[in-house]
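These notes concern the structure reproduced below.
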Amino acid sequence: MKYLGEQDYQHGSAICTGVLLVNLGTPESPTPRAVRRYLREFLSDPRVVEYPRALWWLVLNGIILNLRPRRSAHAYRQVWTPEGSPLLAISRRQKSALQAALRHHLTGPVEVALGMRYGEPSIAEALATLKQAGAQRLLVVPLYPQYSATTTGSVFDAVADELKRWRWVPELRFIQDYHDDPGYIAALAASVRAYWDEHGRGEYLLMSFHGVPKRYFQAGDPYHCLCLKTARLVAEALELGENDWQCTFQSRFGREEWLRPYTDETLRTLPQQGKRRVDVVCPGFAADCLETLEEIAMQNRDVFLASGGEAYRYIPALNDSPEHIEALSGLVERHAQGWPEAAADWDPEDDQRRRAESAARAQRYGANR
């Protein structure tokens, strides 16, 4: 097996801490062909769909990839922007903003790269960028506040698959989740308050999270519990009463039971309960995407209004807001504690001296061979 290295590597080269931001991914364009390619990669991940591989291959290639891409491409066209995919455009802004924040807060060199679990830019490409920058310490930040094997677990798989090919594996830290991180909760609450200050407040706040099959929860996946805690903490921060809000789950796929209550079914019943002015926020999404902009802001709005609702507003995701970037920066700083680049007494001149000494030793070793 050939491990990835560098020809005539220069020992003593500058090093840094690398931060890998990861989100789900997106098709390259809102066309059936691009969507089919994206869905094939996404739905082929055994972390996402836990069915016998041979049976699932037949279902995926014989049915789903022949029917779903055209419908999904139409949905993507509803939210596509001049910058392309909303998720990718926002993620790029998050990466740039976090890079600037970390350069301000940390004493040593830190490089941030963006990778998508499916599609481009890939995790392998992002890791190669950090490797080229000299990252010998790596912090992986999956932009999934609530852990699930289907999301964060899959990111770990992809990172491990790439790093096991490297000759020099970096020191690795991995943020499992940040569902109850004070900075994240404060940013969520601030975004809701700011929206209410500008647009007024509805009668009811729905916090909608992406769903997973119920059997994953029964098998030990903690995602459901983490979502409930996030929702409770946000409600407490907003000083909401128990009759002012609810946690629901969206985006189910297939015929089996998923986490309940379902967002669309809940919206159908709220008007009959006297709640006709509803605000919806999606705390599990770090950036707006198809599931928030098309499914929640469009499809579910139609469901609610057709069921007798009077006003329906979607509160945008945190995206690249200053509060969100500050929360992510704080998360990185805490998880990087103990590394030289995060140390208060880090001395760039001393670091440069050590690298020069290392290079000199390598040169002497080569001359004496």
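Here the range 331-344 is the region considered, the condition is being open to solvent by 20 Å² or more (accessible area, probe 1.4 Å) and in contact (Cβ under 8 Å) with a residue 60 or more places away in the chain, and the residue that is farthest from residue 137 (Cα to Cα) is 344. Would you mind stating whether residue 221 is assigned to a loop (DSSP other than H, G, I, E, B), crowded, with 16+ Cβ neighbours inside 10 Å and touching a helix residue (DSSP H, G or I) at 6+ places or on another chain (Cβ under 6 Å)? The answer is yes for residue 221.
In the range 142-156, which residues are under 10 Å from the mean Cα position of the chain (by Cα) and over 16 Å from residue 181 (Cα atoms)? 151, 152, 155, listed by residue number. Kindly provide the set of residues from the range 246-262 that are modelled with pLDDT of 95 or more and either within 10 Å of residue 304 (Cβ to Cβ) or small (Gly, Ala, Ser) (or both), ordered by number. Listed by number, the list holds a single entry, 251.
Against the test of being modelled with pLDDT of 85 or more, among the hydrophobic types (A, V, I, L, M, F, W, C) and either touching a helix residue (DSSP H, G or I) at 6+ places or on another chain (Cβ under 9 Å) or outside any loop (DSSP other than H, G, I, E, B) (or both), the options 327, 356 yield a single qualifying residue, 327. Considering (1) more than 19 Å from residue 318 (Cα to Cα); (2) outside any helix (DSSP H, G or I), the lone condition that residue 127 does not fulfil carries the number (2). Based on what the data block shows, is residue 60 open to solvent by less than 30 Å² (accessible area, probe 1.4 Å), assigned to a helix (DSSP H, G or I) and in contact with a Lys or Arg (Cβ under 6 Å, 6 or more places away or on another chain)? When the stated conditions are applied, residue 60 does not pass them.
Looking only at residues of the range 298-330 that are aliphatic (A, V, I, L, M) and surrounded by fewer than 20 Cβ atoms within 10 Å (Cβ to Cβ), we find that the one that is nearest to the chain's Cα centre (by Cα) is 298.
Conditions tested, residue by residue: (1) open to solvent by 50 Å² or more (accessible area, probe 1.4 Å); (2) under 21 Å from the mean Cα position of the chain (by Cα).
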| position | (1), (2) |
| --- | --- |
| 5 | no, no |
| 10 | yes, no |
| 19 | no, yes |
| 41 | yes, yes |
| 46 | yes, yes |
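When the range 224-239 is examined, which residues are found to be in contact with an Asp or Glu (Cβ under 9 Å, 6 or more places away or on another chain) and either farther than 23 Å from residue 191 by Cα or open to solvent by 60 Å² or more (accessible area, probe 1.4 Å) (or both)? The answer is 229, and nothing else. On the given criteria, is residue 150 more than 25 Å from residue 293 (Cα to Cα) and either surrounded by fewer than 22 Cβ atoms within 10 Å (Cβ to Cβ) or not charged (D, E, K, R) (or both)? No; evaluated as a whole, the condition is false for this residue. Residues in the range 168-218 that are open to solvent by 20 Å² or more (accessible area, probe 1.4 Å), touching a strand residue (DSSP E or B) at 6+ places or on another chain (Cβ under 6 Å) and within 30 Å of residue 6 (Cα to Cα): 171, 172, 173, 174. Filtering the range 72-113 to residues that are open to solvent by 30 Å² or more (accessible area, probe 1.4 Å) and among the small types (Gly, Ala, Ser) leaves 96, 97, 100. For the subset of the range 262-297 comprising residues that are assigned to a loop (DSSP other than H, G, I, E, B) and over 14 Å from residue 210 (Cβ atoms), which member is least open to solvent (accessible area, probe 1.4 Å)? Only one residue fits best here, namely 270.
The values are calculated or read from the model by the stated rules, or taken from the named source; none is laboratory data. Worth saying up front: this structure is predicted, and the values here are computed from it rather than measured. Glycine also receives a Cβ, built like all others from the backbone with ideal geometry; neighbour counts cover every protein chain displayed. Accessible surface is based on the protein model in full, side chains and every heavy atom, while ligands, DNA and RNA are left aside. Shrake-Rupley method; radii C 1.70, N 1.55, O 1.52, S 1.80 Å.
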